[in-house]
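Notes follow the structure.
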Amino acid sequence: MLSFVKDLPNICSLAGLLCAVLGIYYAILGNFPVAIIGVLWAVLFDWADGIIARQITGRTDHQRSFGGQLDSLIDIISFGIFPAVFLLSYGKFSPWFLPGAFLIVATSAIRLSYFNIFGLVDDKTYMGLALDNNVIILAFVFLFEGFVNHTVFSIILYVLLVVLLVFNLVPVRTPKFSGKWFYVLVSYTLALTLIYSWVQWNSV
C-alpha cells in the first residue's frame, strides 16, 4: 500500500490532507483565520495533484486508480468535513447547527459518489458546482466577519453554505477551472493567506 505514496501526485494529495486536518484542528479551537488558511492551501494542493498527474508519463493503471480514489477521499475531508466543523464551531456547537453540518457532509458524499461514477460532462464541464468552490467562496465571505455581530454572521454562514449545497447538486453545467486558472488560485491563496495572517497577528 505504501508504495503508492511514492507517486508524486499522491504526495501532493496528502499534503493537501495535512492542510485540511490543520484547518479542522484550528476551526475546533475557534481560530478561524488560521483554519481558512489551512483549507485554502488544501484547495491549492488539490488542484496541483491533478496537474502533476497529467504531466507525469509512465504511470500505471493502478497508480492512476489509486490516485483517483485517494483524491476523492481527501476531498470529502477538505470540502465536506472541514466546512461542517467550521460551521459547528462558529455556531459554538449549538444543536441548531447540526442539521447544516449533516447536510454539508451528506451533500459532499453524494456529489463525490456521483462524480466517481459519471465523471465530468466533458473535459471542461462539471455537472453542478464543484465542492472546492464552497470553501473558496467561504474564505472570501469570511473576510467581512468583523463587520457584523457574531450571531448575525453565524446565520449568514449557515444560509450561504446551505445555498451552495443546492448548487453542488443541481443538474446545471458549470465550468471546470483549469489551465491559467491555477495561477489565479495561487494568487488568491497567497493574497488571502497574507490577509488572514495579518488578521490573526492583530488579534493576538
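The values are calculated or read from the model by the stated rules, or taken from the named source; none is laboratory data. It should be emphasised that the depicted structure is a prediction, and the values quoted were computed from it without experimental measurement. Methodologically, a virtual Cβ is constructed for each residue, glycine included, from the backbone with ideal geometry; neighbour enumeration extends over all protein chains shown. Calculation scope for accessible area: heavy atoms of the full protein, side chains included, ligands and nucleic acids excluded. Shrake-Rupley method; radii C 1.70, N 1.55, O 1.52, S 1.80 Å.
Annotations for the structure displayed:
- Exclusive hit being closer than 15 Å to Leu44 by Cβ and in contact (Cβ under 8 Å) with a residue 24 or more places away in the chain, set Tyr188, Tyr126: Tyr188
- In segment 154-170, the residue that is most open to solvent (accessible area, probe 1.4 Å) out of those that are farther than 20 Å from Ile76 by Cα and either of a type in the set (Gly, Ala, Ser) or touching a residue at least 12 places away in the same chain (Cβ under 8 Å) (or both) is Ile156.
Here is a yes/no grid of residues against (1) modelled with pLDDT of 95 or more; (2) over 30 Å from Thr151 (Cβ atoms); (3) not aliphatic (A, V, I, L, M):
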{"site": "Ile37", "(1), (2), (3)": "yes, no, no"}
{"site": "Val43", "(1), (2), (3)": "yes, no, no"}
{"site": "Gly68", "(1), (2), (3)": "no, yes, yes"}
{"site": "Ser78", "(1), (2), (3)": "yes, no, yes"}
{"site": "Leu88", "(1), (2), (3)": "yes, no, no"}
{"site": "Ser94", "(1), (2), (3)": "yes, no, yes"}
{"site": "Leu103", "(1), (2), (3)": "yes, no, no"}
{"site": "Ile117", "(1), (2), (3)": "no, yes, no"}
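- Taken together, Thr193, Thr107, Thr189 contain a single residue that is open to solvent by less than 60 Å² (accessible area, probe 1.4 Å), under 18 Å from Phe82 (Cα atoms), among the β-branched types (Val, Ile, Thr) and in contact with a Gly (Cβ under 9 Å, 6 or more places away or on another chain), which is Thr107.
- Evaluation of Ser154 against (1) in contact with a strand residue (DSSP E or B) (Cβ under 9 Å, 6 or more places away or on another chain); (2) at pLDDT 95 or above; (3) not hydrophobic (A, V, I, L, M, F, W, C) (one fails), failing number: (1)
- Per the conditions (1) in a helix (DSSP H, G or I); (2) more than 18 Å from Ile36 (Cβ to Cβ); (3) modelled with pLDDT of 95 or more, the sole criterion not satisfied by Pro83 is (2).
- Exactly one residue out of Leu73, Leu22, Leu2, Leu18 is within 27 Å of Trp198 (Cβ to Cβ), free of Cβ contacts under 8 Å to residues at least 12 places away in the same chain and open to solvent by 60 Å² or more (accessible area, probe 1.4 Å): that is Leu18.
- Hey, Trp198 farther than 28 Å from Asp71 by Cα and without any contact (Cβ under 8 Å) to a residue 24 or more places away in the chain or not: yes
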